Amino acid sequence: MSDIDPADAVASLTDVVKSYRMDAVTVPVLRGVNLSVRLGHFTVVLGPSGSGKTTMLNLLGCIDRPDEGRVVVAGVDIATLDDDELSDFRAENIGFVFQNFNLIPVLSAFENVEYPLVLAGMEPARRRRRVMRLLEAVGLEGRANNLPGQLSGGQRQRVAIARALARKPKVVIADEPTANLDSKTGAAIIALMRWMQQKFHISFIFSSHDSSLIKAADDLILLRDGAIQSVRRKPASVPGDNAELAGDFDDLIDGDARGSRSLKALPDTAWLES
């Protein structure tokens, strides 16, 4: 049974079972998992290697389907979608941030962020405006024409975050997003994602062993041997100090410069210069 109101959940797993076939052996990964992910919060999934963290993220990210049980994301039971519908749903509602960035090396920072909008068929002028506002949001408007190989690790991860937000997802799945970054850059990336979560009321779901990210979490999910051992939620946690701005996404990244509030209004922007 969920410990939160279903209306407060952006995603849920109910009695979820998942196994993988390796040669002649069936390997159980998730064993009857029940979980509700709070809307507009930082959720971190913890657990040792082999505990099922990546499999859980794949299910919540609609990359995979359960063998048994129910997966609901953004109010949609994914069992009701065929493969093409699930692909479209994932593209429209879920963003991804990876530890290895997964940027396309022959595309510039601008083009990497633009790519999902091209696939979505957005008209060019609106597309360009949105991409530049997202790059401004992550402090990289001056690096729009740089290829990934011309950017530092932290800058590449910021491009990846901008790309993940390009289609205004309801959920961002981040698998070890700070694993390949030094501690200072990792802290800056965490601050940026927290600001994005608060500004746009987006739900972030992480797999991480980074103590700084764990400390920043609203909810901690401990997974061991394919089962949830504990769920710890900050009782006073609300969807960000700026939840009232949740409806401003269009204005912030699609509005004209004269009518929009600055996306550079971060609490501390000194790290953006590094």
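The values are calculated or read from the model by the stated rules, or taken from the named source; none is laboratory data. Values in this document were obtained by computation on a predicted structure and should not be read as measured data. Every residue, glycine among them, receives a Cβ derived from its backbone with ideal geometry; neighbour counts consider all protein chains shown. Each accessible area value is taken on the protein alone, full model and side chains, heavy atoms only, with ligands, DNA and RNA left out. Shrake-Rupley method; radii C 1.70, N 1.55, O 1.52, S 1.80 Å.
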(message) Just to check I understand the Karplus step: with θ = phi - 60° and J = 6.51 cos²θ - 1.76 cosθ + 1.60, what whole-Hz values come out for region 19-30, glycine and proline as x?
(response) 10, 10, 9, 10, 6, 9, 10, 9, 10, x, 10, 10
(request) Could you run the Karplus curve 6.51 cos²θ - 1.76 cosθ + 1.60 with θ = phi - 60° over region 192-209 and give me ³J(HN,Hα) per residue in whole Hz, x for Gly and Pro? (result) 5, 5, 5, 5, 4, 4, 6, 5, 10, 6, 9, 8, 9, 10, 10, 10, 6, 10
(message) Under the 0.36 nm per residue contour assumption, what length would be gained going from the current alpha-carbon distance of THR26 and LYS215 to full extension?
(response) 64.4 nm
(message) If you average the alpha carbon positions of region 161-236 and of region 6-66, how far apart do those two centres end up, in angstrom?
(response) 16 Å
(message) What are the ³J(HN,Hα) couplings of region 56-71, residue after residue, when phi is run through the Karplus curve with 6.51, -1.76, 1.60 and θ = phi - 60°? Round to Hz, x for glycine and proline.
(response) 4, 5, 5, 6, 5, x, 6, 7, 10, 10, x, 6, 9, x, 10, 10
(request) Could you list which residues have their amide H under 5 Å from that of LEU46, counting only those 5 or more apart in sequence or on another chain, with H placed in the peptide plane? (result) ILE221, LEU222, LEU223
(request) Return the long-range amide H neighbours of VAL29 (sequence gap of 5 or more, or a different chain), with a cut-off of under 5 Å between placed amide H atoms. (result) LYS18, SER19, TYR20
(message) What does the net charge come to around ILE104 if you take all other residues with beta carbon closer than 15 Å to its beta carbon, with K and R at +1 and D and E at -1?
(response) 0
(message) For the pair ARG224/ALA179, report the inter-label distance in nm, with labels modelled 7 Å from Cα in the Cβ direction.
(response) 2.2 nm
(request) Pop a pseudo-label 7 angstrom from the Cα along the beta-carbon direction at both ASP15 and ARG126 and give the gap in nm to one decimal. (result) 4.3 nm
(message) Just to confirm, what accessible area per residue do you get for region 29-123 at 1.4 Å probe, in whole Å²?
(response) 43 Å²
(request) Name the residues whose placed amide hydrogens come within less than 5 Å of the amide hydrogen of ILE228, ignoring near sequence neighbours (fewer than 5 apart) on the same chain. (result) ASN34
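Please report, as a whole percent, how much of the solvent-accessible surface of region 1-123 comes from carbon and sulfur atoms (probe radius 1.4 Å).
Percent of accessible area from carbon and sulfur atoms in region 1-123: 52.
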